[in-house]
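These notes concern the structure reproduced below.
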Amino acid sequence: MILAGDVGGTKCNIALFAEKNGKLHVVFKQRFASKDFAKFDLIIKEFTHQAAPHLTDEKVRAAGFGVAGPVINNRIHATNLPWVIDADSLSRELGVKTIALMNDLGATGHSLDHLPAEDFVVLNQGAPVQGATRALLGAGTGLGQSILFWDGNRYRVVPSEGGHSDFAPHTDEQIELLKFMRKRYPQVSWELILSGRGFRTLHEFLSPTVKHPVFDDPDADPAPFITKSGLSKECPICVQTLDLWTAIYGSEAGNLALKVLALGGVYVAGGIAVKILPKMQDGTFFKAFRDKWHFTDMLSNVPVSVVLNENAPLIGAAYEALATLGR
């Protein structure tokens, strides 16, 4: 058995996988609200209690966890949670020698070669270069970025915290957005825009006077309302917000492709892209992606796909845990 987890700021998906001939399939899976637990170890205790009937005589041979945050000395200080996740502590808790800790988007990266074709929507077919570097980014609660390089046998994932680097405006409108946001934040990062919270910020930038009832509830997330109203075109400012957000997302995806020379393809993961898929497909994203002056032609040949499977980080964490057994 392989134990795996996708640990995010909003929810944690934990699952047991059985392995046969190198392929994994889910035996038992549960979702937990992250905010309901003071630390990750408590989620693991609860899950192992619930999963006990499914283990029977089998033992967990390895575990892998994708967590929103950087892995340093086999520990992760979760970015959007007051948690410290330590591999040695988990090893003792689970009685498992092999624990693979990785960035959550890195976990998605490990899943890419294990997902079927129907788990992807192609935004640009392009012409992938065999064995070339790939890039992966995903907007959700935060903005994750990863690099995938070919080691001669398989793709390895290099983690990154590029989502926290400085936002670089691309148009006059985006320059004004940067000025607007600098009044609110000591640093304007890509993640402040390219995450769920970014939609309200952009909406308020575009029209400070247009407000919606959801804005009055401090506990409500206005992003679903804004994106839904933008897609349905019920609210003109929501339409503009969705346009601007998608263009900025495409621009940063193009930046990442240039920085790592991602001629093997760019993959867009995270929950937001799936929720606004019609907008991702209407050309706004890819137009901004390829708008890089002398490198427009090169980027036009880079394959770009959206990852549809929300369980990709969980699957990737499980396969990376399995891979550690063969090392």
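No value in this document is a laboratory result; all are computed from the given coordinates. Bear in mind the structure is a predicted one, so any value in this text is a computation, not a measurement. Every residue, glycine as well, gets a Cβ built from its backbone with ideal geometry; the counts of neighbours run over all protein chains shown.
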For the chain, I need the span (max minus min coordinate) of the C-alpha atoms along each principal axis, in Å, sorted largest to smallest. 62, 48, 35
antiparallel share of DSSP beta bridges within segment 116-308, to nearest 5, in %, is 70 percent
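Which of the pairs K259/K287; K35/K183; K11/K45; K183/K259; K11/K233; K11/K259 have their Cα atoms more than 20 Å apart in this structure? Intermediate results must be reported in sequence, preceding the final value.
Values: K259/K287 18 Å; K35/K183 30 Å; K11/K45 16 Å; K183/K259 29 Å; K11/K233 30 Å; K11/K259 31 Å.
Over 20 Å apart, Cα to Cα: K35/K183; K183/K259; K11/K233; K11/K259.
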Mean Cβ neighbour count within 10 Å, used as a protection proxy, ranking 75-83, 41-49 highest first: 75-83, 41-49
Calculate, in nm to one decimal, what V26 and V210 gain on full extension: separation in residues at 0.36 nm each, minus their alpha carbon distance. 61.6 nm
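Estimate the FRET efficiency between H294 and R197 by the formula 1/(1 + (r/R0)^6), using the beta-carbon distance for r and 30 Å for R0, to the nearest 0.05. Before the final figure, lay out each step's value.
On the way: r = 34 Å, r/R0 = 1.14.
That pair, H294 with R197, gives E of 0.30.
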For a quick check: sort D6, D166, D86 by the number of other beta carbons within 10 angstrom, fewest at the front. D166, D86, D6
Peptides 267-273, 220-226: what's the order by average Cβ count within 10 Å, highest mean first? 267-273, 220-226
Which Cys residues of the chain have no other Cys beta carbon under 4.7 Å away? C12
Can you tell me the FRET efficiency between D219 and E58 if r is taken as the Cβ-Cβ distance and R0 is 41 Å, rounded to the nearest 0.05? 0.45
Taking the simple approach of a point 7 Å from Cα along Cα-to-Cβ for both R156 and L261, what is their distance in nm? 1.8 nm
Under a point-charge model restricted to the Cβ atoms of Lys and Arg (+1) and Asp and Glu (-1), what is the dipole moment magnitude of segment 1-98 relative to its Cα centre, in debye to the nearest 20? 160 debye
So what's the back-of-envelope 222 nm ellipticity for the chain, counting only DSSP H runs of four-plus at -39500 (n - 2.57) apiece and dividing by all residues, rounded to 500? -11000 deg cm²/dmol
So how much slack lies between F149 and T10, counting 0.36 nm per residue of separation and subtracting their Cα-Cα distance, in nm? 47.1 nm
Sort the following peptides by mean Cβ neighbour count (other Cβ atoms within 10 Å, averaged over residues), highest first: 249-256, 122-129. 249-256, 122-129
